[in-house]
Amino acid sequence: MNIIAIMGPHGAWHKDQPVKELEAALLQQRFKIIWPQNSADLIKLVEQNPRICGVIFDWDEYGVELCSDINQLNEYLPLYAFINTHSTLDVSVYDLRMALWFFEYSLGTAEDIATRIGQYTREYLDNITPPFTRALFSYVKEGKYTFCTPGHMAGTAYQKSPVGCLFYDFFGGNTLKADVSISVTELGSLLDHSGPHLEAEEYIARTFGAEQSYMVTNGTSTSNKIVGMYAAPAGSTLLIDRNCHKSLAHLLMMSDVVPLWLKPTRNALGILGGIPRREFSHESIQQKVAETQGAQWPVHAVITNSTYDGLLYNTTWIKETLDVPSIHFDSAWVPYTQFHPIYDGKSGMSGGRVPGKVFFETQSTHKMLAALSQASLIHIKGDYDEETFNEAFMMHTSTSPSYPIVASIETAAAMLRGNPGKRLINRSVERALHFRKEVQRLREESDGWFFDIWQPETVEHAECWPVAPGEEWHGFSDADTDHMFLDPVKVTILTPGMDEQGTMSDTGIPAALVAKFLDERGVVVEKTGPYNLLFLFSIGIDKTRAMSLLRGLTEFKRAFDLNLRVKNMLPDLYAEDPDFYRNMRIQDLAQGIHQLIRQHQLSHLMLRAFDVLPEMKMTPHQAWQRQIKGEVETVELEQLVGRISANMILPYPPGVPLLMPGEMIAEESRAVLDFLLMLCSIGRHYPGFETDIHGAKRGDDGVYRVRVLKDA
Ligand SMILES: *Cc1c(COP(=O)(O)O)cnc(C)c1O
């Protein structure tokens, strides 16, 4: 539905008759007409309704001022100004480079004007649609009949089966028609980078400030492998963030390379502080090379930017300082950094080239922007071998890529263009800031306890807050100056029980309880730590969602203070084990888990578990080779000391790897095992709080088992 706004008020325009005629003619053309009362009203409407695709107004009354106001919201929006013979035009109008058209007031021209508005509207819509998406839309509209894959034939095959019809009706005709075969030549090819696909890549590169961009339809899991396969040849050494995503552990299993780990800091709350500056130094790398069997000077480095808790690096410093020719920033969680000035110098693509180096940035377009699942991008800046890179790209790309995913990646980029894009990102930053202030206010006004937020004492305006040395709030005693920054859209809420130095109070509310409470109310938490919860303010978070999260938190407090029964407060949890939870009240449950955490000194254990890295007995690649030869066996988790793990072991939460394939827990690194066992112990005591440990299987007997290499 295309909407035209005519500056009103309705019926009060002094040159009423021509305007009335135009309204009728536009309605004939199937436009919907709205009548804002004044400029402020119009601006609000344009801000809130992206379907408005034109504004008609009286030039003498509103003129250039209104134009520039609209321009700030959407510089592409067509504007239609009525003038009369006495109107004066300021030259500055032409400087604005707006889509501005003039019409004269006169009777009998309405049809003609409406036709032209129709045409300009089509041009506008065409102009904001990026190249591949535009080609796909027109291909689908033409409704050509093909004899190729996919076998559902634009959905017709579904309609020959009862269950197929259900599927067809659910997803709708266009979704299936847009699922087009790669053999349609006019849409070009993702694998050959031709036609509209190539145009899309160029459009995306321009939008994201990259020199080259690649669209990946199988997630950043695949993007990471593509970059790694290209950048690190067999036998080479790479530097890699210990808190990497598991797709990178898989890369290390696939590629015969030697990893050197960059070790991040963490605070007592379990929040990752990122990799400190000293880890990037020549001496530190030299030492790792010397201590690691088969290692040479690294040819490639992988850094997770931002960290899982929303800390961004000063990437300018890393790019200039880190003495490695190829640097990959895994930015799965931050595909928006190019579109707000607070992120300058904190992303893979910001800034120019650095001689002799190439930078890669991978982003999950689907995570924080509007795109279909698996939508991902690789951006590149610097010299690289395009043909070789494309072999790595094709190695991991289906020969039947999903065109709806491709179009969604490109559309996500288009949404970020120009002023509408800036506003979109700015709105989520402002919304997160507002939320932070609201929680702070509620905390100040609250009688007794309330949730806290992990952030500096004062958060006045939107910025990426530095994790600066000497400040208490972040809990990192050895923070580097000008190195790490907290992204305002990643909001970590703290529950009572432990302060940022790790001191435990007598009473506490483990975050898992709050997460369960919110979950039962349809608010899903991104990540839960022992006493913290992470929420992401992506562009899809509107006011209502932010409000319902706030309400969820205040409801939790009320119910907790009333000490309701678990049965009433957490019915889903109760259902997991009604006998166990029969008469239990929420404060007993909270206190019980809190005591368990205290007893095990979780904070200490966690710090130690991540502090001493297990011993690398062989590379992940070698361990994988042993595994596929069948040289593995299953043992109970408790028997892990002295054995070489076959797989990555990653408890969730916190969601970062504890043990890599080929690593062994020795007596020095025993804390790793103790930490895992403690997580299991909480689950054993409290049904519904079992930890999910990737790489370990929980049997019906409640025992976790892992796969290790057979002793040679
Ligand atoms: C989610 C994630 C990935 C993988 O992205 P997908 O698009 O889900 O495949 C890679 N790296 C990091 C840091 C992630 O968080």
Separation between the F147 and F580 pseudo-spin-labels, each 7 Å from Cα along Cα→Cβ, expressed in nm? 6.2 nm
Per residue, how many Å² of accessible area does the chain show with a 1.4 Å probe? 43 Å²
How long are the three semi-axes of the equivalent ellipsoid for the range 185-416, computed from the Cα gyration tensor as the root of 5 times each eigenvalue, in whole Å, largest first? 29, 20, 16
Gyration tensor (Cα) of the range 423-598, equivalent ellipsoid semi-axes in angstrom: 29, 20, 13
Taking amide H positions as placed 1.01 Å from N in the peptide plane, with prolines and chain starts having none, which residues 5 or more places from T304, or on another chain, fall under 5 Å of its amide H? D241, D330
Could you name the aspartates and glutamates whose alpha carbon sits less than 20 Å from that of K710, not counting residues in the same chain fewer than 8 places away? E615, E631, E633, E636, E638, E663, E667
Please give the direction-averaged projected area of the C-alpha convex hull for the range 198-320, in square nanometres with one decimal. 8.9 nm²
Interchain or sequence-distant (5+) residues whose placed amide H lies within less than 5 Å of the amide H of L260 are L238, L239, I240
Listed by chain and number, the residues whose amide H is under 5 Å from that of Y80, excluding neighbours fewer than 5 places away on the same chain and using placed H, are V55, I56, F57, W101
Nitroxide proxy distance, nm - points 7 Å out along Cα→Cβ at R51 and E633: 6.7 nm
Phi-derived 3J(HN,Hα) across the range 312-319 with the Karplus relation (6.51, -1.76, 1.60, θ = phi - 60°), rounded Hz, x for Gly and Pro, is 9, 8, 6, 6, 4, 5, 4, 4
Quote the FRET efficiency, to the nearest 0.05, computed for K160 versus M547 with a Förster distance R0 of 51 Å and r equal to the Cβ-Cβ distance. 0.65
Relative contact order of the range 489-574, defined on C-alpha pairs under 8 angstrom at six or more residues apart (%): 29 percent
Where in the chain is the longest stretch that carries no chymotrypsin sites (Phe, Trp or Tyr not before Pro) classed as loop by DSSP and with at most 11 other Cβ atoms within 10 Å? 148-712
Listed pairs K516/K617; K225/K697; K319/K697; K225/K527; K346/K697; K629/K697 exceeding 31 Å between Cα atoms: K516/K617; K319/K697; K346/K697
Can you give me the Cα centroid spacing of the range 539-581 and the range 102-126 in angstrom? 55 Å
Full-extension gain in nm, K20 to D60, via 0.36 nm per residue minus C-alpha separation: 12.6 nm
Per-selection Kirkwood Rh - the chain (Cα, Å, 1 d.p.): 28.6 Å
Quote the Stokes-Einstein diffusion coefficient, in whole µm² s⁻¹, for the range 1-71, based on the Kirkwood radius over alpha carbon pairs, a temperature of 25 °C and a viscosity of 0.890 mPa s. 198 µm²/s
From the convex hull of the Cα coordinates of the range 214-269, what is the mean projected area in square nanometres? 4.8 nm²
DSSP-loop GluC sites (Glu not before Pro) across the range 442-529, with at most 12 other Cβ within 10 angstrom: E457, E460, E472
If you roll a 1.4 angstrom probe over the protein chains with everything in place, what fraction of the accessible area of the chain belongs to carbon and sulfur, to the nearest %? 50 percent
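The values are calculated or read from the model by the stated rules, or taken from the named source; none is laboratory data. If you're wondering where the values come from, they're calculated on a predicted model, not measured in any experiment. Reconstructed Cβ throughout: ideal geometry from the backbone, glycine too, with neighbour counts over all protein chains shown. Only protein heavy atoms, including side chains, enter the accessible area calculation; ligands, DNA and RNA are left aside. Shrake-Rupley method; radii C 1.70, N 1.55, O 1.52, S 1.80 Å.
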